[in-house]
1. What is the residue count in the stretch 57-73 for residues that are basic (Lys, Arg) and farther than 26 Å from residue 121 by Cβ?
2. Tally the residues that are outside any strand (DSSP E or B) and either free of Cβ contacts under 8 Å to residues at least 24 places away in the same chain or not hydroxyl-bearing (Ser, Thr, Tyr) (or both), restricting the search to the stretch 74-106.
3. Within the stretch 51-61, identify whether any single residue is among the aromatic types (Phe, Trp, Tyr) and farther than 24 Å from residue 25 by Cα, and answer yes or no.
4. What number of residues within the stretch 25-47 satisfy the criterion of being within 8 Å of the chain's Cα centre (by Cα) and not in a loop (DSSP other than H, G, I, E, B)?
5. Report whether or not residue 68 is in contact (Cβ under 8 Å) with a residue 40 or more places away in the chain and touching an Asp or Glu at 6+ places or on another chain (Cβ under 9 Å).
Amino acid sequence: MSIDALFDDLEARFATLQVPPPSLSECSVVGFERVHFGKQHFAGFISGTSIWQINPFGTIGQIRLEQGKSVVDGLSVTKRLKPLAGAWLRVFTVGGEHRGFLSYTVSGLLVFHDLAIPVAQIRSIQIHPVDNLLPPK
């Protein structure tokens with residue numbers, strides 16, 4: 001057997017042993033259901049509840065993954081929230097919590113009636129169905 005044939009044989013054997021790592025679409029986040037991975041965040045329903053939550057990657061230490069299904073769409077936080085203008089949000093930042101109707105999103109900011117919050121300061125955003133039973137005034 002020539003040296004080239006030996007290396008070809010070894011490469012073929014190693015190729016059959018290698019298993020590709022799972023992609024994010026084959027994983028879910030522990031404690032969440034219907035997970036969507038976006039650009040620098042994930043969103044999903046907190047398990048066993050109807051609370052939808054967005055978690056930016058920069059403000060959480062680690063994300064525990066488990067086998068499951070998720071959607072990888074690459075949306076930014078502001079693009080994910082854009083269709084929710086007019087919804088009541090609970091926004092948790094390093095400095096505390098703000099609750100209010102989202103007016104619009106622009107240039108990395110969530111704009112409320114009296115406040116603009118930079119996305120970089122957000123620890124999580126929650127939407128509770130009970131908060132959105134009445135239309136905004």
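Each reported figure results from applying straightforward, stated rules to the coordinates on display, with no laboratory input. No experiment lies behind these values; they were computed from the predicted model shown. In this analysis, Cβ positions are derived from the backbone assuming ideal geometry, glycine residues included, and neighbour counts consider all displayed protein chains.
1. So the answer is 1.
2. Selection size over the stretch 74-106: 14.
3. For the stretch 51-61, residues among the aromatic types (Phe, Trp, Tyr) and farther than 24 Å from residue 25 by Cα: absent.
4. 8
5. yes
For (1) buried (at least 17 other Cβ atoms within 10 Å of the Cβ); (2) within 23 Å of residue 133 (Cα to Cα), each residue gets a yes or a no:
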{"position": "47", "(1), (2)": "no, yes"}
{"position": "56", "(1), (2)": "yes, no"}
{"position": "65", "(1), (2)": "no, no"}
{"position": "79", "(1), (2)": "no, no"}
{"position": "83", "(1), (2)": "no, yes"}
{"position": "117", "(1), (2)": "yes, no"}
